[in-house]
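Nothing in this text is a laboratory measurement; each read-out follows from the coordinates by a stated rule. Source: prediction; values computed, not measured. Neighbour counts run over all protein chains shown; Cβ positions are idealised from the backbone, glycine included.
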Amino acid sequence: MTTYIIGDIHGYYNEFLSLLNKVNFNHKKDKLWLTGDIIARGPDSEKMLFYLYNFQESIRLVLGNHDLYLLALYSGIIHTGTIYDKKILELLSNKKISIIIDNWLKYQPLVQIDEEKKIIMTHAGITPQWNNIDIIKSVSSEVENILISKNNKIFFSYMSNKKYQSNDWNNNKLTGFKRFNFIINSLTKMRYCYPDGTLEMTIKEEPKNVSKLLKPWFLISNDIYKKYTILFGHWSSLNGRYTPSYIMGLDTGCCWGNKLTMLSWEDKKFYTKKCKI
């Protein structure tokens, strides 16, 4: 069995299949880990969802911010009308996609952990303010339970509400929507932090262009980073650079005309495929 990890696919189905074909991926024996944002921006989000649903036994996925937005729209919240929202709304016009959401996608976690391989995978990373594995498991479960609940529309309606934003974990004292928003931001949207681990949620550029008052989350000390390899996507401007050896960013900007990247875990070999926009 081989474990393959692929960065943000964003609906680039043909490039995704090309990478799997390069390694003769066998869904009966191999495992495929995906860093989230499997849909939106690219041309074939529908095909991506069908493929992953059909071979779900081989898949370990974490939800990204675009995947969460699909779930939010499916719950009934009003969309904001951006071009990417429209692509996601097109997905919801297909009743078969509703089946995939109800029976599979909404049950996918925000964190995947393999204790044997000492891997943690999330979409955006692990905030420096969470410094033990029990906290990470707990916060992930909190949000996962809400996503599958009957009241998830209420949660989604507040998910991006600035009134309920908190950028500081405050030693686990956050409650209510501020707590859930911090968890969502940390696991699916985070890039930079202040030196104390407080989140900075607006800047997207690569580190060389950013004030030294800020640090990429992965360059702030955290005991978890010493015990596990952290796999993440989300931050395409890194393009596989800047991270220490035990933290791997796999989003290499496929949806911006760059490349889709896959890591073969056991032999630490990388495979890439150029993406067309």
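Side notes on the structure shown:
- Annotation: amide H-H contacts under 5 Å for Met248 (H modelled 1.01 Å from N, sequence separation of 5 or more, or interchain): Ile230, Leu231, Phe232.
- A full extension of the chain between Phe55 and Asp102 corresponds to an added length of 15.3 nm, given 0.36 nm per residue minus the alpha carbon distance.
- At R0 = 35 Å, FRET efficiency that the Cβ-Cβ distance of Ile135 and Asn94 yields, to 0.05: 0.35
- Sorted from greatest to least, the principal axis extents spanned by the alpha carbons of the stretch 165-214 come out as 36, 19, 13 Å.
- Fraction in percent of alpha-carbon pairs per bin - 5 Å, the stretch 3-274: 1, 6, 13, 18, 20, 18, 14, 8, 2, 0
- FRET E, pair Lys153, Lys22, Förster distance 51 Å, beta-carbon r, rounded to 0.05: 0.80
- Protection proxy ranking of 178-189, 22-33, 212-223, by the mean of other Cβ atoms within 10 Å over each peptide's residues and highest first, is 178-189, 212-223, 22-33.
- In order along the stretch 199-207, the phi-based Karplus estimate (6.51 cos²θ - 1.76 cosθ + 1.60, θ = phi - 60°) of 3J(HN,Hα) comes to 6, 10, 10, 10, 8, 10, 5, 6, x Hz; Gly and Pro are listed as x.
- Nearest-0.05 FRET efficiency for Tyr164 and Glu142, computed from C-beta distance (R0 25 Å): 0.95
- Taken one residue at a time, the phi angles of the stretch 48-59 give Karplus couplings (6.51, -1.76, 1.60, θ = phi - 60°) of 4, 5, 4, 4, 5, 5, 5, 10, 4, 5, 9, 9 Hz. Gly and Pro are set to x.
- For Leu61, the residues 5 or more places off, or on other chains, whose built amide H falls under 5 Å of its own are Leu34.
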